[in-house]
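A quick write-up on the structure given underneath.
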Amino acid sequence: MDNLTGRPGIGGGTTGGGTGTSRTLYPEAREALDRMKFEVASQLGVNLKDGYNGDLRARDAGSIGGFMVKRMIEQVERQMSGK
C-alpha cells in the first residue's frame with residue numbers, strides 16, 4: 001500500500017515501498033549506469049567525481065540525468081526494432 005495515495009502499487013516503486021529503504025535489485029545495472037553517468041558528464045563538460053558531488057549545480061545534474069534517459073530510450077528503441 002502506498003503511503004501517499006493509500007492505493008496498492010502506486011508511488012512505492014520496487015526498491016523500498018516508500019519506507020525510506022533502498023536496495024539495488026541488479027548490481028551490474030548500477031555499475032553500467034554509473035559508467036554511463038560519468039561518460040555523459042564528460043561529454044557535457046561537467047566535472048563529476050567519485051563520491052559526493054554536492055557542489056554540482058542542479059542544472060548540470062538534470063542535464064546528465066536527462067541525457068542518460070535519452071540514451072536508454074534510444075537503446076531500447078534499437079533493440080525493439082531489431083537493429
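The values are calculated or read from the model by the stated rules, or taken from the named source; none is laboratory data. What you are looking at is a predicted structure, and each value in this text was computed from that prediction instead of being measured. Cβ coordinates were reconstructed from backbone atoms using ideal geometry, including for glycine residues, and neighbour counts include every protein chain displayed.
Give me the pairs, please: first residue somewhere in region 23-38 and under 16 Å from Asn53 (Cβ atoms) and in contact (Cβ under 8 Å) with a residue 24 or more places away in the chain, second residue anywhere and of a type in the set (Val, Ile, Thr) and surrounded by 11 or more Cβ atoms within 10 Å (Cβ to Cβ), beta-carbon distance under 8 Å, and either six or more positions apart or on two chains.
Lys37/Ile64
Go through region 42-83 and count every residue that is of a type in the set (S, T, N, Q) and farther than 21 Å from Arg30 by Cα.
1
Can you tell me which residues in region 67-83 are surrounded by fewer than 12 Cβ atoms within 10 Å (Cβ to Cβ) and under 12 Å from the mean Cα position of the chain (by Cα)?
Within region 67-83, Val69, Lys70 meet the criteria.
Restricting attention to region 49-65, report how many residues are surrounded by 12 or more Cβ atoms within 10 Å (Cβ to Cβ) and either under 11 Å from Lys37 (Cα atoms) or touching a residue at least 40 places away in the same chain (Cβ under 8 Å) (or both).
Going through region 49-65 one residue at a time, the tally reaches 4.
Do you know which residues across region 36-47 are surrounded by 10 or more Cβ atoms within 10 Å (Cβ to Cβ) and either at pLDDT 95 or above or assigned to a helix (DSSP H, G or I) (or both)?
Those that are surrounded by 10 or more Cβ atoms within 10 Å (Cβ to Cβ) and either at pLDDT 95 or above or assigned to a helix (DSSP H, G or I) (or both): Met36, Lys37, Phe38, Glu39, Val40, Ala41, Ser42, Gln43, Leu44, Val46.
Being out of contact with any helix residue (DSSP H, G or I) (no Cβ under 9 Å at 6 or more places or on another chain), at pLDDT 75 or above, more than 24 Å from Gln75 (Cα to Cα) and in a loop (DSSP other than H, G, I, E, B) is true for just one of Asp50, Asp55. Which residue is that? First the steps, then the outcome.
Numbers: Asp50 fails: out of contact with any helix residue (DSSP H, G or I) (no Cβ under 9 Å at 6 or more places or on another chain).
Just a single option satisfies the conditions, and that option is Asp55.
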